[in-house]
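Step one of this worksheet: look at the structure below.
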C-alpha cells in the first residue's frame, strides 16, 4: 500500500516554505491505518521490549496501538503541567525556541527496555529528548520507530548510536 498517496501535503504550513505532512487522512482510512500499524509493529515483533513511549498527541495514537499489538506497556509523555503525579522532565531546543517534555517519575524502572514511537522524525531533537528521559530513569532505549522520516532534515544525525526504523521516508520537501 502506498501510504504517501494517502498523506495530505499542505504547503506553507506552519510557515512559508514548509510542506506539512498531514496524516489525518491516513488515520481516517481503516485499511491504511491498520497497514501502517501492522508494518511498524511487525518490525519489532521479535524484539525484547518492555514498554513503548509516545508523546502527545500523535505519538499516543501509534505508540498505544503498537503497545497493544506487541503486548507491552505504554508510557505517555506530555507537555508541561498535564500529568497528575510526580514527574521528571527534560528541556530541549527547537528551531524556534525551547520546549519541555514530562513523564511520571515511576514510568520506567532501571533496566526497562523502551521503544520510542512517534508519527514523524524531522530534525531528531524531540526524539532525542525522549531518549534522554528514558535514560535519565535508567531505562534502555531499544530504538525509535517513526511513521514518517524527513530524511532531508537528517534526524539520524542526532539519533546516532540508536536503532531507527521509519515506515515512510521523504528525501526532499
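Every number in this text was worked out from the coordinates using simple rules, so none of it is lab data. Note that the coordinates shown come from a computational prediction; the quantities given were computed from them, not determined experimentally. Because the Cβ atoms are built from the backbone with ideal geometry, glycine has one as well, and the counts that use them run over all protein chains shown.
Reducing region 64-122 and region 23-53 to their Cα centroids gives an inter-centroid distance of 18 Å. Would you mind telling me which residue in 105, 75, 148 has the biggest mean-square fluctuation in a Gaussian network model of the chain, where springs connect alpha carbons within a distance under 10 angstrom? Top of the fluctuation ranking is 105. Once the chain from residue 85 to residue 136 is taken as fully extended at 0.36 nm per residue, the excess over their C-alpha distance is 16.6 nm. Nearest 5 percent is fine: what portion of the DSSP beta bridges confined to the chain is antiparallel? Among the beta bridges of the chain, antiparallel pairing accounts for roughly 35 percent.
Here the calculated FRET efficiency for residue 20 and residue 151, from their Cβ-Cβ distance with R0 = 22 Å, stands at 0.85, rounded to the nearest 0.05. Put a dot 7 Å past the Cα of residue 100, heading toward its Cβ, do the same for residue 13, and the two dots end up 3.0 nm apart.
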